[in-house]
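Asks: Below you will find the structure I want to go over with you.
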């Protein structure tokens, strides 16, 4: 899995001169490093925490979805946006029309922030356990392939809109650390 490029800045000559002066003086205490702010968040840590909060709430809402009851789909829209939201709605409608039944829950094993862009997009990865989830057709036949992995990794993208941070992309990823 290749995370998005991180954007680093090289210190300019004034910053290097100040660093040398502080180092040579010996008497001046070294200031504590401060997180670099982004336009939408005070720090990357804050952005990652916000994205994780959104993802965990989204997964809790998804685990409560009953394909037979379309009203249970509505809470998901509070956490998603864009083509991800449209594609998800279409898939849920198909599952409802086919009278599929899902059991169990998806468990988040790990969530890791990767990058925050200057536009407030947050990139992250997650490892999810699906070993307890089942999918049945209208006649009760198991739809889960026998060779389905118990865990899978996703690369996630969250974007800001007028209501807050939303999940806008999720792509499966190769991540050996996520495998059993």
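Asks: What are the pairs, 6+ residues apart or on separate chains, where a residue within region 94-109 that is closer than 12 Å to residue 65 by Cα has its Cβ under 6 Å from a residue that is modelled with pLDDT under 95 and assigned to a helix (DSSP H, G or I)?
Replies: From region 94-109, the pairs are 96/70.
Asks: Given 155, 88, which one is under 21 Å from the mean Cα position of the chain (by Cα) and in contact (Cβ under 8 Å) with a residue 40 or more places away in the chain?
Replies: The conditions single out 155.
Asks: Report yes if some residue within region 49-63 is assigned to a helix (DSSP H, G or I), more than 21 Å from residue 129 (Cβ to Cβ) and under 15 Å from the mean Cα position of the chain (by Cα); otherwise report no.
Replies: Yes, region 49-63 has at least one match.
Asks: Can you report the number of residues in region 71-88 which are surrounded by 15 or more Cβ atoms within 10 Å (Cβ to Cβ) and in contact with a helix residue (DSSP H, G or I) (Cβ under 7 Å, 6 or more places away or on another chain)?
Replies: Matching residues across region 71-88 total 7.
Asks: I'd like the full set of residues that are closer than 21 Å to residue 177 by Cβ and in a strand (DSSP E or B), limited to region 118-135.
Replies: 122, 123, 124, 125, 126, 127, 128, 129
Asks: Name the single residue that is farthest from residue 135 (Cα to Cα) among those in region 164-176 being surrounded by fewer than 12 Cβ atoms within 10 Å (Cβ to Cβ) and in contact (Cβ under 8 Å) with a residue 12 or more places away in the chain.
Replies: The qualifying residue farthest from residue 135 (Cα to Cα) is 174.
The values are calculated or read from the model by the stated rules, or taken from the named source; none is laboratory data. All figures in this text were calculated on a predicted structure; none of them were measured in a lab. Note: ideal-geometry Cβ built from the backbone for every residue, glycine included; neighbour counts use all protein chains shown.
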